[in-house]
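The values are calculated or read from the model by the stated rules, or taken from the named source; none is laboratory data. Predicted model only: the values in this text are computed from it and were never measured. With ideal geometry, Cβ positions are generated from the backbone for all residues, glycine too; neighbour counts draw on all protein chains shown. The accessibility values were calculated without ligands, DNA or RNA, using every heavy atom of the protein model including side chains. Shrake-Rupley method; radii C 1.70, N 1.55, O 1.52, S 1.80 Å.
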Amino acid sequence: MKRPDDLLLAIAAMVESQHSSQMSLTVVTPGAVITGRLAPAALWKERVAEVLRDSDHLGRFAAAFAASKDDGDRDDGDRPPDDGDGDPTHLHFHVARILQGSYGIPDTGGMYRVALEDVSAWTIGDIGYSDR
């Protein structure tokens, strides 16, 4: 298993500990460049659950996000979420887009979960894109 970048891991831990969703980040992963704002795992799951609950066809899947006791972002799944032990293993993006050429998709922004170990490059801030 590849070890995540220590600086990126520190940023992810700060987003989790400070419950902040203001950090903009762009990451390169196999097959995608994702740009957007980071969110703490609990907030991200809450927002995903809200979107799913509002859907006639996907509403039943909201329970998987809302009822989760473990945030799924620690190496040891037996630990409770946000207990201060262990490092995050994923970045949670909201108001994010996958960059394809000069376009960002989806137009309205999406919610993405990226394993830290899959990030091969990153930069602070959103990379510019065109919605046209």
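Whenever a residue of the range 76-97 is within 24 Å of residue 124 (Cα to Cα) and crowded, with 24+ Cβ neighbours inside 10 Å, its partners that are polar (S, T, N, Q) and modelled with pLDDT of 90 or more, lying with C-beta atoms within less than 8 angstrom and at least six residues away or across chains, give the pairs 96/35; 97/35.
When residue 126 is tested against the conditions (1) buried (at least 17 other Cβ atoms within 10 Å of the Cβ); (2) of a type outside the set (Val, Ile, Thr); (3) at pLDDT 85 or above; (4) within 15 Å of residue 23 (Cα to Cα), the lone failure is (3). Pairing residues of the range 99-112 that are acidic (Asp, Glu) with residues that are surrounded by 13 or more Cβ atoms within 10 Å (Cβ to Cβ) and in a strand (DSSP E or B), at Cβ distances under 8 Å and at least 6 apart in sequence or on separate chains, gives no pairs at all.
Table: residues versus (1) open to solvent by less than 70 Å² (accessible area, probe 1.4 Å); (2) assigned to a helix (DSSP H, G or I); (3) free of Cβ contacts under 8 Å to residues at least 60 places away in the same chain; (4) closer than 25 Å to residue 127 by Cβ.
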{"residue": "26", "(1), (2), (3), (4)": "yes, no, no, yes"}
{"residue": "33", "(1), (2), (3), (4)": "yes, no, no, yes"}
{"residue": "47", "(1), (2), (3), (4)": "no, yes, no, yes"}
{"residue": "51", "(1), (2), (3), (4)": "no, yes, no, yes"}
{"residue": "55", "(1), (2), (3), (4)": "yes, no, yes, no"}
{"residue": "60", "(1), (2), (3), (4)": "no, yes, yes, no"}
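Scanning the range 103-119 turns up at least one residue that is modelled with pLDDT of 85 or more, closer than 27 Å to residue 50 by Cβ and part of a loop (DSSP other than H, G, I, E, B). In the set (1) in contact with a His (Cβ under 9 Å, 6 or more places away or on another chain); (2) open to solvent by 40 Å² or more (accessible area, probe 1.4 Å); (3) farther than 19 Å from residue 121 by Cα, the condition left unmet by residue 40 is number (2).
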